[in-house]
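The values are calculated or read from the model by the stated rules, or taken from the named source; none is laboratory data. On a predicted model such as this, the values are computed, not experimentally measured, just so you know. For neighbour counting, all protein chains shown are included, and Cβ atoms are generated from backbone atoms with ideal geometry for every residue, glycine included.
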C-alpha cells in the first residue's frame, strides 16, 4: 500500500505550509487525485490519520477531489472523457490520444487556523 | 499542460480548488504535486546517470513473472560487450542479488522491509556503492508489484514492464497506471504460448494500445523459442539513442525498429 508513503509526502508539504504561515493547527487539506493517479481515495483517507497523528494536522479533514480522465485525440482533435483503462478517443476511436486530466496527484489547498487571522477569513497563495 | 505548476487548474475546474473560507482561518492554495519530493530526487538521480552516460532501465512486473531470470540471460548475452550492474529491490532476502552476482556483474540488494516499491531516495542511497563511470547499463529490478512502483520515478531512462504468459493477456487493462507508462512491454515465458493456448499476444498488445501507449510488445523466453533477441535488439537501440543524445531529457524516447529476427 503506497498510500501511506503518499500521505507522508502530503503531510510534509502541509506541515511546511502551516509552519510558514505560523498556523496553530490545520483545519482541512484538499487533494486532487485523478482516476489515473494510481492512488485509491478510500485508502488515502484511511492512511491520513496514521500519518498526521501527533502533528499540527492531526485533526485536519482530508478532502479528495477525484477528477475523471480526459483525453485529446491527436488525429481528430476532439477532447473527450473516458475511463482509466480505455484512453481511446470517444469520437473516432483512435488510441493516439494525449491525457489532459485524470493523472494528477496534487495538494490543492490547506485551510489553517491562525491565532492572528482576521475574523472575516482570508485567502492566500504560496 | 503539466501537473507541476498549477496550469492544469482551468476556468472549468477552478471551483474545485477554491472554497469558502470560515472566519478565523486562512485558506492557502498550494497546487504542488504530492510526490514533488520524490520527483526532485529522481531528477537528481537522472542527472547523475546522464553525466556518467549510464542507461538505466526500471524493470517492473508482478512477482514471479521472470524479471531475475531475464536479467540473468541478458547479462550472459551482453556482458562481453557492455558493463552491466543491477540494483535488486525486494521486501526481504539477498537471494536475487546473489543470483545476479553469480553471473559476474555487481549487484546491490535493497531490502525494502514492508515497502511495496522502490523510490528515488532508496535508489540514491545505494548509488554510492556503484562505480557509475564504469557502468554502461544499470538495471533496477523493482519490487514485484504492478501497482505501487508505477507512482515513483527513480530517474530511469526507460520503464520496461514484464507480462508473463501465465498471468493473462488483459493485465494492461487491469493495471492501467503501470502499463500506460511502459516504454516496452515484454511478454515473458513466451515458450509456454503453445502449451497454454489461451494467451494471445495480440490481445495484450491491443490492451496496451487502449492505454494510448505506443510501446512495443515483444514476446521473449529465456528457455527455448522465441529467445531474447528482440529484447537485446531493443536494448542496443536504447544504448545508441542515449549515445546520440547529448542533452539531459526525462526520456530518451526512440522509435524501436523491428529487427530481422522476426
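Kindly indicate which of B:34, B:70, B:16 is touching a helix residue (DSSP H, G or I) at 6+ places or on another chain (Cβ under 6 Å) and either surrounded by 21 or more Cβ atoms within 10 Å (Cβ to Cβ) or at pLDDT below 95 (or both). So that I can check it myself, show each step before the final result.
Values: B:70 fails: touching a helix residue (DSSP H, G or I) at 6+ places or on another chain (Cβ under 6 Å); B:16 fails: touching a helix residue (DSSP H, G or I) at 6+ places or on another chain (Cβ under 6 Å).
When all the criteria are applied, what remains is B:34.
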Hits in the stretch A:1-28 (condition: in contact with a helix residue (DSSP H, G or I) (Cβ under 6 Å, 6 or more places away or on another chain), more than 9 Å from chain B (Cβ to nearest Cβ) and not in a helix (DSSP H, G or I))
A:26
Suppose we keep only residues that are surrounded by fewer than 24 Cβ atoms within 10 Å (Cβ to Cβ) and farther than 21 Å from residue B:234 by Cα within the stretch B:151-168. Which one would you say is farthest from the other protein chains (Cβ to nearest Cβ)?
B:166
So, of the residues in the stretch A:65-80 that are under 19 Å from the mean Cα position of the chain (by Cα) and surrounded by fewer than 16 Cβ atoms within 10 Å (Cβ to Cβ), which turns out to be farthest from residue B:215 (Cα to Cα)?
A:66
Here the residues within the stretch B:200-247 that are over 15 Å from residue B:55 (Cα atoms), touching a residue at least 12 places away in the same chain (Cβ under 8 Å) and in a helix (DSSP H, G or I) are B:201, B:203, B:204, B:205, B:207, B:208, B:229, B:230
What single numbered condition from (1) over 22 Å from residue B:40 (Cα atoms); (2) more than 10 Å from chain B (Cβ to nearest Cβ); (3) in contact (Cβ under 8 Å) with a residue 40 or more places away in the chain; (4) crowded, with 16+ Cβ neighbours inside 10 Å fails to hold for residue A:41?
(3)
Checking residue B:103 against (1) part of a strand (DSSP E or B); (2) touching a residue at least 24 places away in the same chain (Cβ under 8 Å): exactly one of these is not met. Which one?
(1)
Residues that are in a strand (DSSP E or B), under 18 Å from residue A:30 (Cβ atoms) and more than 7 Å from every other protein chain (Cβ to nearest Cβ), drawn from the stretch A:72-126
none
Looking only at the stretch B:219-247, which residues are in contact with a helix residue (DSSP H, G or I) (Cβ under 8 Å, 6 or more places away or on another chain) and surrounded by 15 or more Cβ atoms within 10 Å (Cβ to Cβ)?
B:219, B:220, B:221, B:222, B:226, B:228, B:231, B:232, B:235
Exactly one condition in (1) modelled with pLDDT of 95 or more; (2) under 24 Å from residue B:116 (Cβ atoms) is false for residue A:2; which is it?
(1)
Take residue B:62 and decide whether it is assigned to a loop (DSSP other than H, G, I, E, B) and either at pLDDT 95 or above or within 26 Å of residue B:151 (Cβ to Cβ) (or both).
yes
With the checklist (1) at pLDDT 95 or above; (2) more than 7 Å from every other protein chain (Cβ to nearest Cβ); (3) outside any loop (DSSP other than H, G, I, E, B) in hand, flag the one item residue A:56 doesn't pass.
(3)
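Report yes if some residue within the stretch B:188-208 is closer than 28 Å to residue A:43 by Cα and crowded, with 23+ Cβ neighbours inside 10 Å; otherwise report no. Lay out the reasoning, then the answer.
Narrowing the stretch B:188-208 to residues closer than 28 Å to residue A:43 by Cα: B:207-208.
Those still in the list that are crowded, with 23+ Cβ neighbours inside 10 Å too: B:207-208.
For the stretch B:188-208, residues closer than 28 Å to residue A:43 by Cα and crowded, with 23+ Cβ neighbours inside 10 Å: present.
Tell me which residues, restricted to the stretch B:169-199, are assigned to a loop (DSSP other than H, G, I, E, B), away from chain A (no Cβ under 14 Å) and without any contact (Cβ under 8 Å) to a residue 40 or more places away in the chain. Lay out the reasoning, then the answer.
Initially, the stretch B:169-199 is screened for residues assigned to a loop (DSSP other than H, G, I, E, B), giving B:169-170, B:175, B:181-183, B:189, B:197-199.
So of that shortlist, the ones also away from chain A (no Cβ under 14 Å) come out as B:183, B:189, B:197-199.
Scanning the stretch B:169-199 gives B:197, B:198, B:199.
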The lone condition residue A:98 fails out of (1) touching a strand residue (DSSP E or B) at 6+ places or on another chain (Cβ under 6 Å); (2) surrounded by 15 or more Cβ atoms within 10 Å (Cβ to Cβ); (3) closer than 24 Å to residue B:153 by Cβ is (2)
Looking at the stretch B:79-100, which of its residues are surrounded by fewer than 18 Cβ atoms within 10 Å (Cβ to Cβ) and in contact (Cβ under 8 Å) with a residue 24 or more places away in the chain?
B:79, B:82, B:83, B:91, B:99
Regarding the stretch B:204-221, can at least one residue be identified that is over 28 Å from residue A:36 (Cβ atoms) and either modelled with pLDDT of 95 or more or in contact with a strand residue (DSSP E or B) (Cβ under 6 Å, 6 or more places away or on another chain) (or both)?
yes
Restricting the stretch B:103-140 to residues that are surrounded by fewer than 16 Cβ atoms within 10 Å (Cβ to Cβ) and within 20 Å of residue B:81 (Cβ to Cβ), the one farthest from the other protein chains (Cβ to nearest Cβ) turns out to be B:104
